[in-house]
Amino acid sequence: MNRNSKGDGIEVLLRALKLPAFVAYHEEVAEQAEKQGWSFRQYLYRLAEQELEERKQRKIDRLTRQSNLPGEKTLATFDLSRLPDKVRRQVPTLYEGHLLKRAENILAFGLPGRGKSHLVCAIGHELIKRGYKVLFIPAYRLVQNLLIAKRDLVLDKELRRLDRFDAVILDDLGYIQQEREEMEVLSPSSENAMSGAVSLSPAIWFFQSGTKFLKIP
């Protein structure tokens, strides 16, 4: 068996094992290993490291697509200096994800155009980088979805779907018409009921219990 046929056979095996980074880089890394005198263990370690890096990136890409977060609203495009000192100091602790484990709510409020939505979306992107499942949805659309689910007698199913996310970011909460039916679906009788303080802000980020307030003047 010549070298090319062996190489083709390796690629078939690696594809069968679902190791795309091994397939893509095994020859390139092998050449690097030969030049630098790596041991087989070092060669294998480098390929495994590459595989893990690419899997992590694919997961981030998948979670980002599923989140519906605006791609441009990230920390890289947000001017943190525009925030009050107290809020700016809290930002790193928010995107580390500890508040999800504590099941805390985050409510951002302030005047229009001050960056509330951008900030919570940016934190959402950072949470995704840490492996959390995030959903971004305008509040009016969530209400519509819940009302339709209630009409079709599948409200519990829709709430379970939302419950699969680690964090849900609601935008433009102030546009909700605070009618009785809307308030009922926003405050379902479940252990994961949304915050009752839904009228306070055009942007709210809810989890299960407890609330932190971010005032952005």
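Computed from the coordinates by the stated procedures, all read-outs in this text should not be read as laboratory data. This is a predicted model, so every value here is computed, not measured. Heads up, the Cβs are rebuilt from the backbone with ideal geometry, glycines too, and the neighbour counts pull from every protein chain shown.
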Item to complete: At 20 °C and 1.002 mPa s, grab the translational diffusion coefficient of segment 3-67 from Stokes-Einstein with a Kirkwood Rh over Cα pairs, rounded to a whole number in µm² per second.
Response: 166
Worksheet item: Exactly which GluC sites (Glu not before Pro) in segment 1-90 are in a DSSP loop and have at most 11 other Cβ atoms within 10 Å?
Response: GLU72
Fill in: Charge context of LYS56, other residues only, Cβ under 13 angstrom, K/R +1, D/E -1
+1
Item to complete: Taking the dipole about the Cα centre of segment 3-67, with the C-beta of Lys and Arg at +1 and of Asp and Glu at -1, give me whichever of ALA21, LEU52, SER39 is farthest to the positive side.
Response: LEU52
Worksheet entry | Sparse-neighbour loop sites [trypsin sites (Lys or Arg not before Pro); segment 30-108; at most 16 other C-beta within 10 Å; DSSP] | ARG102
Worksheet, complete the sentence: Given backbone amide H placed at 1.01 Å from N, residues whose amide H is under 5 Å from that of ILE169, ignoring those fewer than 5 places away on the same chain, are LEU135, PHE136, ILE137
Response to the item:
Going fewest to most other Cβ atoms within 10 Å around each Cβ, VAL87, VAL143 line up as VAL87, VAL143
Worksheet, complete the sentence: Expected sort for ILE10, ILE123, ILE106 with the fewest Cβ neighbours (10 Å cutoff) up front is ILE10, ILE106, ILE123
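Filter the cross-link list LYS18/LYS129; LYS56/LYS101; LYS86/LYS129; LYS73/LYS101; LYS86/LYS157 down to pairs whose alpha-carbon distance in this structure exceeds 29 Å.
Numbers: LYS18/LYS129 23 Å; LYS56/LYS101 21 Å; LYS86/LYS129 24 Å; LYS73/LYS101 24 Å; LYS86/LYS157 39 Å.
In this structure, LYS86/LYS157 exceed 29 Å between Cα atoms.
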Fill in: Highest-first arrangement of 114-122, 130-138, where packing means the average Cβ count within 10 Å
114-122, 130-138
